[in-house]
Amino acid sequence: MSEIETSIHPGPNETESSSGLWKRFLHGRAPGSTWIRIIGVAVGAVILFKGILIPIKVVGFSMFPTYKPGEINYINRFAFAKRDPQRGEVVSIGTTGRQVTILKRVIGLPGDIVSMRKGVVSINGAPITEPYIETKNGFSTRTPVQLETDEYWVIGDNRMISEFSKIHRRHILGKPLF
Amino acid sequence: MSAKPFLLTVVIAATGWWAYTILFPSPEKQIQETLQRLAAKASFSPDEKALARLGAMNAIPSFFHSNAVLRVSSQAYSGSLEGRAEIREAIASSRAGARSLDIRLTDPQITLSSATEAELVVTATVILDADPNPSLQILRMKMLRSGRRWLIHSVEPIQLNEL
């Protein structure tokens, strides 16, 4: 009994007890299970943030005002596991890897004919309403773009600077969480 | 086998493997390191010293093959460059017209065609004069091995759909 009390309330000269407290502070009363928990949390974090929710930091004004530079977000890798991206959804597009990804809004769906004149997009000849953009000035397509199966037409919300492009479904990594 | 000799064996094996990879890096690792060194040399800040600038300008062409063909389309330069002399000239003119340049070459996907030839695609992020909107380009490269070094033989920008 007295030994237990000594280890809980060590005196200033009781170095062994201090070391015991320090060890307990580091890995608790049961070091084995503490390490298993630590490893479990680490493995879980790696799986979560490498395979399911990929953390990103927004750079540039391409998606302004929807996303501003410096914002932190997460890409949900399973957002399109059971369905295809819809018109108006923001998607994350992979490049040659995952270190740099691009955020763009899906405008054209497979089979659509897309054209843009000074930032105003038309799908199959009819202009579409886009409440998420602030300025309609911007680039124009030379000729209408016909999208093949599995092709999407994407562009950023800031039409003054964002370039449009045609991408394959396989390049879409996921969807921002927020 | 008790725990200590086993742990010691694991540590020695890991150290040996680490030393081996340092002494004899794989071609992929050599290429990645070459790209990182090139990006570091090509980047510069406004407060770059004259000596460092001169050193970088002389060093960058040495990353390229003597017959290198470089097709570039960026805010800084658009066009085609052939040979080290043209590359050096373009570097000098782009450095004269810019205050700073930050180039990052990330996520290289390397395919070794043979022991002396590699093809790769890489994402290039270019920030000119601290522009908050970086320019992003996917580059297709061909690299040739010359002795212990990998030299860039060709560079061309490609669209995402071409991947």
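The values are calculated or read from the model by the stated rules, or taken from the named source; none is laboratory data. Fair warning: this is a prediction, and the values are worked out from it, not measured in the lab. Note that we place each Cβ from the backbone using ideal geometry, even for glycine, and neighbour counts take in every protein chain shown. These area figures cover heavy atoms from the full protein model, side chains too; ligands, DNA and RNA do not enter into them. Shrake-Rupley method; radii C 1.70, N 1.55, O 1.52, S 1.80 Å.
Summary table
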{"item": "Inter-chain Cβ neighbour average for residues B:100-109, partner chain, 10 Å", "result": "2"}
{"item": "Degrees separating the helix B:27-42 axis from the principal Cα axis of chain B, which is the longest one", "result": "40 degrees"}
{"item": "Qualifying lysines (Cα of each under 25 Å from Cα of B:Lys49; at least 8 residues distant if same chain)", "result": "B:Lys41"}
{"item": "Percent antiparallel among DSSP beta bridges (both partners in the protein assembly as shown, rounded to 5)", "result": "95 percent"}
{"item": "Charge dipole (debye, nearest 20) of the protein assembly as shown; +1 at Cβ of Lys and Arg, -1 at Cβ of Asp and Glu", "result": "220 debye"}
{"item": "Candidates A:Arg98, A:Arg142, A:Arg24, ranked by Gaussian network fluctuation over chain A, Cα under 10 Å, top entry", "result": "A:Arg24"}
{"item": "Centre separation in Å (Cα based) which lies between the stretch B:27-68 and the stretch A:49-95", "result": "33 Å"}
{"item": "Cβ charges +1 (Lys, Arg) and -1 (Asp, Glu), total dipole of the stretch B:22-163, debye", "result": "480 debye"}
{"item": "Contact surface B-A: accessible area buried, both sides summed, square angstrom, 1.4 angstrom probe", "result": "1400 Å²"}
{"item": "Phi-based couplings in Hz for the stretch A:42-47 (Karplus 6.51, -1.76, 1.60; Gly and Pro marked x)", "result": "5, 5, x, 5, 5, 4"}
{"item": "Å² of accessible area per residue within the stretch A:99-178, as computed with a 1.4 Å probe and no ligands counted", "result": "52 Å²"}
{"item": "Spread of Cα-to-Cα distances over 20 Å intervals beginning at zero, given as percent, for the protein assembly as shown", "result": "23, 44, 25, 8, 0"}
{"item": "With at most 12 other Cβ atoms within 10 Å, longest stretch of chain B clear of loop trypsin sites (Lys or Arg not before Pro) (DSSP)", "result": "B:50-147"}
{"item": "Antiparallel %, DSSP beta bridges [both residues in chain B], to 5", "result": "90 percent"}
{"item": "Rounded tilt (10° steps) of B:3-23 against the dominant C-alpha axis of chain B", "result": "30 degrees"}
{"item": "Cβ neighbours within 10 Å from other chains - mean over A:90-98", "result": "5"}
{"item": "Size of electric dipole in the stretch A:58-176: Cβ of Lys, Arg +1 and of Asp, Glu -1, about Cα centre, debye, nearest 20", "result": "120 debye"}
{"item": "Dipole of the protein assembly as shown, positive direction: furthest Cα of A:Ser62, A:Ile75, B:Pro108, with charges on the beta-carbon", "result": "B:Pro108"}
{"item": "Protein-only accessible surface order, largest first, of B:Leu101, B:Leu23 at 1.4 Å", "result": "B:Leu23, B:Leu101"}
{"item": "Partner lysines for A:Lys175 [C-alpha distance under 29 Å; skip if fewer than 8 residues away on the same chain]", "result": "A:Lys50, A:Lys57, A:Lys68, A:Lys82, A:Lys104, A:Lys118, A:Lys136, A:Lys166"}
